[in-house]
Each structure stands twice: as C-alpha cells, then as structure tokens.
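See structure below.
Only the coordinates and a few stated rules stand behind these numbers; no lab work does. What you are looking at is a predicted structure, and each value in this text was computed from that prediction instead of being measured. Glycine gets a Cβ as well: all are built from the backbone with ideal geometry, and neighbour counts include every protein chain shown.
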Amino acid sequence: MAILFEITTVPLVIYAPGWVEASTSQMTISVADVQALQGWQKIATLAVMMIPSFVIAYGIYRLRKMFGAFANNIIFNTEAIGHFKAFGIALIIQTLISPLTGAASSALATFNRPEGERFISIGLGNSDIHTLFLGGLIIVIAWVLGEAVRIEDENRSFV
C-alpha cells in the first residue's frame with residue numbers, strides 16, 4: 001500500500017484539484033501552475049516530479065522484501081540485511097535528487113513563459129537533513145549487522 005500511495009500521490013495532487021493540499025508543501029512550483037500546463041510540458045513536468053517517488057517506492061519494496069524474509073524466520077542473513085541497506089541507499093538517493101528534480105520541474109513548468117517570468121526553484125529543508133541522517137544511520141546499522149553475520153559464519157566454521 002505504501003508503494004501505491006507513493007506512486008499515486010503526485011498524479012493525484014496534479015490531476016485532482018484540492019486533494020491533500022498539505023502534500024504540496026515541498027513542491028517548488030504551485031499546483032495551479034502545473035495544472036495549467038498542456039501537452040508535453042505537463043507530461044514532462046509530471047515525469048520529472050515522479051522520479052523521487054519511484055526511487056523511494058523501490059526502497060519501500062526492498063524493505064517489504066526484508067520483512068518478508070523476517071516472516072520466514074530469516075533474520076540474520078546477508079540477503080535480509082542487503083534489503084535493509086538498499087532501503088537506506090534509496091532514502092539517501094531520493095533525498096539528494098529531490099532538489100534537483102524540483103529545479104528541473106520548475107524549469108519545465110515555466111519553459112514557455114516570456115523572458116523574465118521563467119525560473120528555477122530549489123527547495124531544501126530541515127527534513128532533508130534529517131532524512132539523510134536516517135538513511136546514513138540505516139546503512140551503518142546494515143553494515144554492522146552484515147559484519148555480525150560474517151563473524152557468526154566464521155565462528156560456526158571453527159566448531
């Protein structure tokens with residue numbers, strides 16, 4: 001459900017006016033500006049805005065695979081830990097590319113405007129720093145767990 005929600009949020013905000021206005025707080029252009037676009041410009045802007053959603057959806061998919069392994073009692077395993085690490089990497093990538101896709105979408109959305117009305121907008125906030133920290137923390141935890149699995153396997157081979 002989280003993957004579907006992540007992938008459908010941007011199109012719902014763009015194509016369903018009034019739907020969850022709070023979800024647009026991180027957008028670098030207004031919803032009204034995007035809704036007013038036509039043809040290739042609207043499709044390209046929407047596609048660029050969807051890139052971070054697809055990255056985090058992949059991360060959530062890998063997290064789901066990790067919990068699936070946990071459900072099968074595969075907990076301290078390199079495969080499950082790899083899924084956890086992939087989620088952390090996806091979190092960092094999504095956070096780092098969001099400002100870039102925001103800048104690209106604002107440039108695309110204002111591309112056809114007269115000179116002086118075009119702009120590029122980059123948005124960064126405290127939540128981005130927190131998310132980068134969380135992604136890095138997840139990667140470190142995955143690395144420590146991977147080392148624990150390696151040491152356990154090594155100890156098992158001595159017995």
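Based on the Cβ-Cβ distance of LEU134 and ARG64, what FRET efficiency does E = 1/(1 + (r/R0)^6) give at R0 = 25 Å, to the nearest 0.05?
About 0.90, to the nearest 0.05.
How far is helix 39-71 tilted, in degrees, relative to the longest principal axis of the Cα atoms in the chain, given as a value from 0 to 90 rounded to the nearest 10?
The two axes meet at around 20 degrees.
Pick out, in residue order, every one of the GluC sites (Glu not before Pro) in region 102-159 that is DSSP loop and has at most 15 other C-beta atoms within 10 Å; say none if there are none.
GLU115, GLU117
Please identify the chymotrypsin sites (Phe, Trp or Tyr not before Pro) of region 27-100 that satisfy two criteria: DSSP loop assignment and at most 14 other Cβ atoms within 10 Å. Which are they?
Here the chymotrypsin sites (Phe, Trp or Tyr not before Pro) that fit, given the DSSP loop and packing criteria, are PHE76.
For the chain, go through all pairs of different Cα atoms, get the mean of 1/r, take its inverse, and jot down that Kirkwood value in Å. Don't skip to the end; give the middle numbers.
On the way: mean 1/r = 0.0564 Å⁻¹.
For the chain, inverting the mean 1/r across all distinct Cα pairs yields 17.7 Å.
For every helix of n ≥ 4 consecutive DSSP H residues, a contribution of -39,500 (n - 2.57) applies; sum these over the chain, divide by its total residues, and give [θ] at 222 nm rounded to the nearest 500 deg cm²/dmol.
Counting only the DSSP helices, I get -26000 deg cm²/dmol.
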